[in-house]
Every structure is written in structure tokens, then in C-alpha cells.
Amino acid sequence: MPASDGAGPRAHLTFRQPDDWHVHLRDDAMLAFAASYTARQFARAIVMPNLVPPVTTVAAAEAYRERILAVLPEDCAFTPLMTAYLTDEIDPGEVEAGFRKGVFTACKLYPAGATTNSAAGVTDVRKIWPVLERMQTIGMPLLVHGEVVSPDIDVFDREAVFLETVLGPVLRDFPALKVVLEHITTEDSIRFVEAAGPTLAATITAHHLRIDRNAMFEGGLRPHAYCLPVAKRRHHREALRKAATSGHPRFFLGTDSAPHRKHEKESACGCAGIFSAPTALESYAQTFAEEGALDRLEAFASEFGPRFYGLPLNEGTVTLRREPQDLPEVMGDGDLRIVPFHAGETLSWRFAGRSGLP
Ligand code: NCD
Ligand code: ZN
């Protein structure tokens with residue numbers, strides 16, 4: 001249970017060290033910038049493989065893991081958990097070899113064209129049936145970007161249609177395959193996960209708990225509120241807040257922190273993605289506090305994820321202090337100027353550090 005310091009609003013919150021079950025750390029200069037924020041707050045993170053070129057081999061994942069660790073201080077106690085990017089042609093043998101070697105923790109399914117750097121993704125889920133078969137056999141989780149890509153389907157309906165047309169058949173044909181439906185944005189997905197068996201879980205981002213689709217059009221076009229899956233109507237956001245704070249063990253934390261340079265978002269064809277890593281825990285804490293559910297943050301952030309993945313819980317703790325924290329309008333400098341989630345806002349919590357590391 002999170003520590004409280006007496007009656008009334010808690011002045012600090014100490015709980016088991018959390019993990020981020022979905023993050024984009026990028027590469028090169030952006031990696032050096034972004035990774036430190038994730039490593040500061042989280043003990044482990046599931047690292048997305050949508051680089052250019054994507055991470056499709058064991059060697060590429062090992063090299064990427066090295067590059068991540070190389071930009072972090074040696075004593076930072078952060079473990080990147082690597083993922084394999086599924087393509088139409090990926091070899092089940094390569095996936096299995098990477099899993100057995102402890103390099104790949106999971107595979108990521110991007111429907112081709114669904115989001116940033118997904119062009120090499122899967123064009124028809126039937127093409128990866130042999131890989132899913134293998135993953136089911138070896139107990140390797142499948143992580144899913146749950147949106148169909150057909151231009152005939154309204155962008156706000158793409159997640160709901162995916163549930164029926166893609167995820168349903170996958171779960172039916174692979175009843176023992178562990179699947180994480182990532183960054184869910186709809187009430188439809190919540191009901192789908194609740195109705196499914198113990199092999200299906202979902203991650204929920206900090207930003208989808210706070211913004212609805214109005215945020216993209218507030219007084220003008222707001223590219224920094226644009227991400228994929230796109231934020232939906234308010235009732236979906238309210239349902240997500242209820243699900244995340246419900247204590248249901250198959251909803252857990254995944255920030256989908258996805259940095260893009262300011263100028264690449266403020267463009268005629270702006271990139272999708274919200275950079276939430278710098279104050280991820282503060283943002284979740286704010287939502288849980290507003291919902292009167294601070295006592296459920298620890299399970300959502302630090303217990304349900306590892307239990308679903310079958311990994312040990314972390315031993316250390318993190319502390320958040322209840323004190324105002326002003327966020328800058330822009331972070332970084334030079335070519336690396338990034339607008340973070342909550343830019344220009346004041347949050348009510350501040351990350352105060354990790355402790356008790358073994
Ligand atoms: C992600 C990115 O930029 O890599 N963007 C996003 O809006 N979430 C890709 C993704 O997870 O869809
Ligand atoms: Zn993502």
C-alpha cells in the first residue's frame with residue numbers, strides 16, 4: 001500500500017518501483033535525450049521496435065539494447081525489455097531464438113500503415129499465423145497496435161473495428177497466446193478486455209486518461225495533442241479513467257511516450273505521438289488522485305504488468321511529493337526541441353526519486 005503521512009491529503013506517496021510497459025526511446029540524439037527520463041522513473045520498460053529500419057532480428061535488438069544502455073549512467077538500474085517488430089516475412093525461428101536468448105521479451109504487431117514507422121508492418125494478420133503459433137507454444141507475448149488501416153473506416157472507429165475483425169480471430173485461434181492490447185482509447189476495448197479470458201490485457205497511457213478529442217481542436221489545431229490511436233470522445237476517456245483506477249488486474253501502465261521534434265509535429269503533415277516520459281508518474285498520480293484512487297496506483301503501475309508478463313515485481317520504491325511542478329513549454333535545445341505532455345501546465349506532484357534498490 002502506498003505510504004500516507006497522516007489524515008487528509010497525502011503529502012507524499014511511496015510505492016513499489018513501477019515499469020513502463022510501452023515506450024518509444026528512439027535512436028541517436030533523440031535516444032540520448034529521451035531514455036534518461038524513462039530510466040529515471042521506471043525500473044524496466046518495454047521498448048518499441050519501430051525504428052528505421054525496424055528491429056526485426058535478434059542482432060538488431062541486441063545492438064539497440066546496447067545503444068540504450070550506452071546513453072544511460074552505469075548506476076541507473078534500468079532494464080530495457082526489447083521487442084521484435086513483426087513483418088509479413090519474419091521467421092518464427094528468429095523470434096523464438098531471440099526469446100530463448102532473453103533478448104526479445106515480446107513481439108509487436110503493427111498493422112502496416114497504422115502509425116509512425118509502421119510501413120514494414122503486417123499487411124494481413126493471417127500472414128503471421130505461423131509466428132503466432134510459435135509464440136503461443138513458447139509463451140511469448142504479442143503486443144498489438146489495435147487499429148485497422150482501411151481508409152474506408154473512420155479514424156475514430158479504427159480501434160473498435162480492429163477488435164472484431166483482427167483481435168477476435170487471433171484470440172479464437174490462439175487461446176493460450178498472451179496478448180496486450182496497447183494504448184487503448186475506447187470503451188469498446190475496455191469491455192472487450194473485461195469479457196476476455198486471462199490471456200488478454202491492455203495498457204493505458206497517461207495522456208488518454210486526461211485528453212479527449214476536443215484537445216486537438218481547442219481554439220485551433222493542436223498538433224501536440226495528436227497521437228495514435230487518436231483520443232476519442234469524452235465518454236471514452238471517462239471509461240478509461242474508471243478502468244485504470246478500478247483495480248482490474250488486466251489494465252496496467254504503458255505510457256506510449258513518443259517524442260517527436262517540435263517542428264515535425266507543427267507541420268502540414270504532423271507526426272503522431274505525445275512525449276510524456278518526463279512527468280509520466282506525476283500525470284498518472286494526478287488522475288488517480290482526482291478519481292479518489294491513489295491507493296490503486298501502485299497495483300496499476302507496479303504489479304499488474306509484471307504479473308501478466310510473468311516477471312518478478314521490482315524491489316525498490318519510488319516517491320512522489322505533492323507539490324506544484326511547472327512544466328516548460330519546450331524541452332531540449334538546438335535541433336532537439338520537444339514539447340512535452342502537460343507543457344506550460346502546473347502538475348500537483350513531483351517525482352522525488354527512487355530508493356531501496358537491491
Ligand atoms: C508512436 C510513435 O511516434 O512511434 N506514435 C503514437 O502516436 N503513439 C507510434 C505508436 O505507438 O502508435
Ligand atoms: Zn507506441
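Values in this text are rule-based calculations from the coordinates and carry no lab data. No experiment lies behind these values; they were computed from the predicted model shown. Virtual Cβ from ideal backbone geometry, glycine too; neighbours counted across all protein chains shown.
Obtain the radius of gyration and the Kirkwood radius of the chain from its C-alpha atoms and give Rg over Rh.
Using only Cα positions, Rg/Rh for the chain is 0.94.
How do the peptides 259-269, 115-125, 321-331 rank, highest first, by the average count of neighbouring beta carbon atoms within 10 Å per residue?
Values: 259-269: 15.6, 115-125: 17.9, 321-331: 14.1.
Highest mean packing first, the order is 115-125, 259-269, 321-331.
Which order do the peptides 15-24, 290-299 take when ranked by the mean count of other beta-carbon atoms within 10 Å per residue, highest first?
Final packing ranking: 15-24, 290-299.
Less than 26 Å apart at the alpha-carbon level, and either on another chain or at least 8 residues along: which lysines does that give for residue 232?
Straight-line reach from residue 232, under 26 Å: 108, 242, 262, 265.
Quick one: dipole size for segment 259-346, taken about the Cα centre, charges +1 on Lys/Arg Cβ and -1 on Asp/Glu Cβ, in debye to the nearest 20. Kindly include the intermediate steps, with their values, before the conclusion.
On the way: 8 positive and 15 negative charges, 46 e Å.
Using only the charged Cβ atoms, the result is roughly 220 debye.
May I ask you to order 166-175, 142-151, 180-189 by the average number of other C-beta atoms within 10 Å around their residues, highest value first?
Highest to lowest by the protection proxy: 180-189, 142-151, 166-175.
Can you compute the charge dipole magnitude of segment 217-265 about its Cα centre, using +1 on each Lys and Arg Cβ and -1 on each Asp and Glu Cβ, nothing else charged? Give it in debye, rounded to the nearest 20.
For this selection, approximately 120 debye.
Taking H as built 1.01 Å from N, whose amide H comes closer than 5 Å to the amide H of residue 44, not counting residues under 5 places away?
Residues meeting the criterion, in which the H sits 1.01 Å from N, are 20, 79.
With the contact rule set at Cα under 8 Å and sequence spacing of 6 or more, what percent relative contact order holds for the chain?
Here the relative contact order equals 18 percent.
Roughly how big is the chain's charge dipole about its Cα centre, with Cβ charges of +1 (Lys, Arg) and -1 (Asp, Glu), in debye to the nearest 20? Display every interim value, and only then the final one.
Details: 37 positive and 46 negative charges, 107 e Å.
Magnitude of the dipole: close to 520 debye.
Go ahead and collect, in residue order, the members of segment 180-224 whose backbone nitrogen is under 11 Å from a label point 7 Å along the Cα-Cβ direction of residue 343.
Counting only backbone N, you get 222-224.
In segment 61-219, if the dipole is taken from +1 on Lys/Arg beta carbons and -1 on Asp/Glu beta carbons about the Cα centre, which of 98, 111, 128 is farthest to the positive end?
It is 98, whose Cα lies furthest towards the positive end.
Taking the Cα centre of the chain as the origin and placing charges on Cβ (Lys, Arg +1; Asp, Glu -1), which of 39, 184, 310 is farthest toward the positive end of the dipole?
Towards the positive end, the residue furthest out is 310.
In the chain, if the dipole is taken from +1 on Lys/Arg beta carbons and -1 on Asp/Glu beta carbons about the Cα centre, which of 251, 84, 268 is farthest to the positive end?
251
As a test of the formula, what do you get for the chain when each DSSP H run with n ≥ 4 contributes -39,500 (n - 2.57) and the sum is divided by the residue count, at 222 nm and rounded to the nearest 500 deg cm²/dmol? Please report the intermediate quantities before stating the final value.
On the way: 11 runs with 98 residues, N = 358.
Taken over the chain, the calculation gives -7500 deg cm²/dmol.
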